[in-house]
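Have a look at the structure below, then the notes.
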Amino acid sequence: MTRVWHLVATISALLHYPEYITATSLPSSQCPWNPLGPLRSRTSTSCPLPVNSNSIAVTRDWDPWTYKPFCVYSTTHTNVEFCTYTHIPFRRMHGVSLIVEPHIAATLTSSLPDPDVSWDPQRDPFEAGALHEPPAYVVQDIPGKGKGVVAQRKIRRGEMFMVDFPVLVAGVKFPEVLSVRQGSELIKWAVMQLPRPELVLELGRSVGGGVVEDVLKTNVFALEIEGTPHMALYPEISRINHACKPNAFTRASPRILNTEVVAHRDIELGEEITLTYIPSILPHSERRLKLRAWNFTCACPICSAPASGIAHSDSQRARIQAIGDELAYLRVASPTPENRSQIDTLSKELLRIVEEEELPGELPMFWEQLARVYFDVGDVLQAL
């Protein structure tokens, strides 16, 4: 694990797109959410005090963590402490380990209990995808790719067929502020205290170096907690390979740390399930450059198309970006009702191109822009 500290230099390029999840910031004395569900109120409205090396020495108590947290102070940054926390009961003994600052761990304690879905059984994360009969997917060897995920039955458009939970959450800055020895110890305890360390150790690797470092570089997703960037490792979703025209997308539930995978078109029996690791609207040359971070050259259908097909796709994706720029300009210029027909035209063109390119995962970034410009021209219903 001698190269662990190269994580800082590369992590921004490797955090999977677009899974940048935000947990809303609130006063430190207030828990951000009631994980028990709307029909079961919290027993307390405040979060527990942070558990760190000082509190453990005084109270000898580290509840709700399964093991005594292992904590280290930075030798280069004043009053910066990182600890390894493990909670075995997380998601029916799935288990999770955190490498975070104590106040972040305290914030996340409200996310540890399993969600109460009695008020909406269809949202039960344990009854999705692989737990259905027949299972929606299977992890298997894919020629030239290592492991991958393949549909075991037809998956309908819009179906949420996989739910995954992180086994490891870590602050992005911990390799920057800790020594190699300190960081190696935190990582060792974080992985080995999990009920199934193999969920981390057996994941794909792509860039070399220490095993866990390579696993993190290859597989982590971005997660923002209290305004601070973190990385999260989802072992099941990590098995899904990349495509520049993917057939599925992810949908995050940051307050309970779940991430769902949803089909954006029908996926046929035997078809490989794919996600995009990078912004799909980038041109072919830029996508290839970014994918070098995973040490592979994409051979998906769009990247393997004839030059004319790639050029057409590039022009379509460039137009998506241009539409976004036009909407942003309209917003700044304070649109009037006279701009309504222009906004309608842009909206229809955007939807058409996204449908043709099969990139519905790109739409959310434009919804707010469209809503705002429609609101500005006085069309509240269209804005909603």
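General remarks:
- Straight-line cross-link partners of residue 245 among the aspartates and glutamates, defined as a Cα under 14 Å from its Cα and at least 8 positions apart when in the same chain: 266, 271, 272, 314, 355, 356, 357, 358, 362.
- Two-decimal ratio, region 243-344, of alpha-carbon radius of gyration to 2.2 N^0.38 Å: 1.37
- For region 312-367 versus region 213-246, the inter-centroid distance based on Cα atoms is 28 Å.
- ³J(HN,Hα), Karplus 6.51/-1.76/1.60, whole Hz, each residue of region 81-96, x for Gly, Pro: 10, 10, 10, 9, 10, 10, 10, 5, x, 3, 6, 6, 6, 5, x, 8
- Scanning residues 5 or more positions from residue 278 or on other chains, those with amide H under 5 Å from its amide H are 17, with H placed 1.01 Å from N in the peptide plane.
We did not get these values from a lab; they are worked out from the coordinates using the rules stated. None of these values were measured; they are calculated from a predicted model.
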